[in-house]
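Encoded as structure tokens, the structure appears first; notes follow it.
The values are calculated or read from the model by the stated rules, or taken from the named source; none is laboratory data. From a predicted model like this one, the values you see are computed outputs, not experimental measurements. Cβ sites come from the backbone with ideal geometry, for glycine too, and all protein chains shown count toward neighbours. These accessible areas exclude ligands, DNA and RNA; they are computed on the full protein's heavy atoms, side chains included. Shrake-Rupley method; radii C 1.70, N 1.55, O 1.52, S 1.80 Å.
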Amino acid sequence: MVKVLVIGGAGYIGSHVVKDLLEKGHQVVVFDNFSTGQEINLFNNAELIKGDILDKTALEMAMSQNIDAVIHMAAKKAVGESMINPGLYADNNITGSINILNAMVQFGVKHIVFSSSAAVYGMPQYLPVDEKHQRNPINFYGYTKMVIEDLLDWYSKLKNINYIALRYFNAVGYAADKSIKGKEKNPQNLLPIIIETATGSRESFQIFGKDYQTADGTCERDYIHVSDLADAHEKSILRLMKDDSSYCLNLGSGRTVSVQQMTDACEKVIGKKLKYQYAPRRFGDPDKLVSQADLAYQILGWKAKYTNIEDIIQTTWNMEL
Ligand code: WQD
């Protein structure tokens with residue numbers, strides 16, 4: 001049993017991580033400022049500290065509770081917004097992470113799992129993308145994640161902290177048992193946008209580009225179920241506790257689904273035709289992005305259990321039923 005401080009534990013991915021840790025018998029302290037996290041995502045058997053990572057005193061209070069390890073998932077994550085308001089992303093993501101690391105040093109907390117992103121790679125130079133692929137982010141959001149990875153590396157060398165940075169590909173789905181109740185508000189990603197069209201809260205959606213170098217001309221992505229992501233965090237904590245090394249690991253399924261395939265699969269799962277239009281390409285989208293996630297298997301014994309996109313969509317659609 002490990003006592004874990006989950007920063008951002010009321011958010012979409014954070015709440016799935018908390019659920020997984022509790023089910024595996026760990027003790028959890030959730031730290032969240034509820035800017036995007038939701039009260040409805042909390043679990044009774046996890047302790048709660050309402051606080052902001054820009055508030056050093058709140059962080060010190062959290063870190064003083066005999067914490068064995070930290071999972072840091074508190075970040076702003078809207079790519080478009082990060083290009084318009086980089087200061088907000090620098091403050092929240094970079095300064096906030098520095099505050100966390102300094103509080104860890106102050107209280108002797110030695111292990112941290114960090115939510116990084118495939119966004120650190122930028123435009124892929126080869127596929128599948130492995131962890132040795134150069135990091136060259138093309139948006140400010142991805143840049144903040146890269147900077148935090150570098151900070152982790154320096155703190156590991158200088159302050160004897162060990163870390164695992166988990167580079168998520170496209171996170172989707174919800175816990176199959178519907179125990180996480182809070183749907184993401186104002187979603188920016190493909191699957192929730194399609195679901196909003198199915199429920200009628202949006203009239204239609206757009207497929208951005210159908211002239212890409214892919215089998216059907218629409219972009220291909222590596223969608224990974226959020227419960228699989230959660231499982232990798234618990235495995236990362238256990239790994240950090242028994243070994244002094246640090247790692248950056250891709251978390252993906254290793255398979256791609258195109259926007260058209262996602263759309264068709266949604267129509268099948270939901271059982272009705274959806275309204276959409278083909279629109280011009282969106283800036284900054286690569287044709288294809290797919291992970292090589294063998295290192296996560298080697299280091300953590302982890303791989304994605306959800307392999308079928310319809311099963312993944314079903315867990316999202318279940319939230320509406
Ligand atoms: C998926 C595909 C769109 C919306 C983003 C971030 C990335 C990571 C995961 C956090 C693309 C297409 C989308 C729509 C569409 N985030 N699309 N119509 O861009 O692959 O990845 O989330 O770490 O950093 O960039 O995800 O869900 O926005 O798009 O056709 O209305 O769906 O063009 O090909 P993306 P997405």
Exercise. Would you mind checking which residues have amide H under 5 Å from Ile164's amide H? H placed 1.01 Å from N; only 5 or more apart, or other chain.
Key: Ile112, Val113, Phe114, Tyr247
Practice problem: Using all C-alpha to C-alpha distances in the chain, build P(r) with 20 Å bins and read off the rounded percent in each one. | Solution: 33, 59, 8
Quiz item: If you plug each phi of the stretch 266-283 into the Karplus form 6.51 cos²θ - 1.76 cosθ + 1.60 with θ = phi - 60°, what whole-Hz ³J(HN,Hα) values come out, in order, with x for Gly and Pro?
Solution: 5, 4, 5, 5, 7, x, 8, 6, 10, 8, 8, 10, 7, 10, x, 4, 8, 4
Exercise. Run the accessible area of the chain with a 1.4 Å probe and give the carbon-and-sulfur part as a rounded percent.
Key: 49 percent
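Out of the stretch 110-187, which trypsin sites (Lys or Arg not before Pro) are coil in DSSP terms and have no more than 10 other C-beta atoms within 10 Å? Walk me through the numbers on the way to the answer.
Details: sites: Lys110, Lys132, Arg135, Lys145, Lys157, Lys159, Arg167, Lys178, Lys181, Lys183, Lys185; in loops: Lys110, Lys132, Arg135, Lys178, Lys181, Lys183, Lys185.
Answer in residue order: Lys132, Lys185.
Which chymotrypsin sites (Phe, Trp or Tyr not before Pro) in the stretch 273-321 sit in a loop by DSSP (not H, G, I, E or B) and have at most 13 other Cβ atoms within 10 Å of their own Cβ?
Numbers: sites: Tyr276, Tyr278, Phe283, Tyr297, Trp302, Tyr306, Trp317; in loops: Phe283, Trp302, Tyr306.
Answer by residue number: Phe283.
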Practice problem: Could you please state, rounded to a whole Å, how far the C-alpha centre of the stretch 15-32 is from the C-alpha centre of the stretch 290-308? | Solution: 21 Å
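If you build the convex hull over the alpha carbons only and average its shadow over all orientations, what do you get for the stretch 1-143? Give it in nm² to one decimal. Can you show the working numbers first?
Numbers: hull surface 37.0 nm².
Taking the Cα atoms of the stretch 1-143, their convex hull projects to 9.2 nm² on average.
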Exercise. Using amide H atoms built 1.01 Å from N in the peptide plane, name the residues 5+ places from Val28, or on other chains, whose amide H lies under 5 Å from its own.
Key: Val4, Glu47
Practice problem: May I ask you to give the solvent-accessible area per residue for the stretch 1-98, in square angstrom, as obtained with a 1.4 angstrom probe? | Solution: 42 Å²
Exercise. Hey, can you grab everything whose amide H is under 5 Å from the amide H of Tyr278? Only 5+ residues off in sequence or another chain; H modelled, so Pro and N-termini drop out.
Key: Ile207
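Using 27 Å as the Cα-Cα cut-off, could you pick out the over-long pairs in Lys77/Lys288; Lys19/Lys76; Lys50/Lys181; Lys56/Lys183; Lys19/Lys50?
The pairs that break the limit, which is 27 Å between Cα atoms, are Lys56/Lys183.
Work out how much length Leu88 to Lys272 would gain on full extension: take 0.36 nm times their residue separation and subtract the Cα-Cα distance, in nm to one decimal. Mind showing how you got there, number by number?
Values: separation 184, 0.36 × 184 = 66.24 nm, distance 4.03 nm.
Fully extending the segment from Leu88 to Lys272 adds 62.2 nm.
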Self-check item: Net lengthening on full extension, Glu23/Glu203 (0.36 nm per residue, minus Cα-Cα)
Solution: 60.9 nm
Quiz prompt | Dipole in debye (nearest 20) - the stretch 97-230, about Cα centre, beta carbon charges: Lys, Arg +1; Asp, Glu -1 | solution = 480 debye
Practice problem: Filter the trypsin sites (Lys or Arg not before Pro) in the stretch 4-88 down to the DSSP loop ones having no more than 16 other Cβ atoms within 10 Å, then list what survives. | Solution: Lys24
Quiz item: Considering only DSSP beta bridges whose two residues both sit in the chain, what percent are antiparallel, to the nearest 5?
Solution: 5 percent
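Take the alpha carbon gyration tensor of the stretch 51-210, find the square roots of its eigenvalues, order them as a ≥ b ≥ c, and report rounded if a/c is under 1.5; if not, report prolate when a/b exceeds b/c, else oblate.
Here the stretch 51-210 falls in the prolate category.
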Practice problem: Decide, for the stretch 1-82, between rounded, prolate and oblate: order the square roots of the alpha carbon gyration tensor eigenvalues as a ≥ b ≥ c, take rounded if a/c falls under 1.5, and otherwise choose prolate if a/b is larger than b/c, else oblate. | Solution: oblate
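Between Ser64 and Glu47, 0.36 nm times their residue separation minus their Cα-Cα distance comes to what?
Working: separation 17, 0.36 × 17 = 6.12 nm, distance 1.37 nm.
In short, 4.8 nm is gained.
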Exercise. Pop out the ³J(HN,Hα) list for the stretch 49-56 in order, Karplus 6.51 cos²θ - 1.76 cosθ + 1.60 with θ = phi - 60°, rounded to Hz; leave Gly and Pro as x.
Key: 10, 7, x, 10, 6, 8, 9, 5
Exercise. Read phi for every residue in the stretch 2-7 and hand back ³J(HN,Hα) as whole Hz from Karplus 6.51 cos²θ - 1.76 cosθ + 1.60, θ = phi - 60°, with x for Gly and Pro.
Key: 10, 9, 10, 8, 9, 8
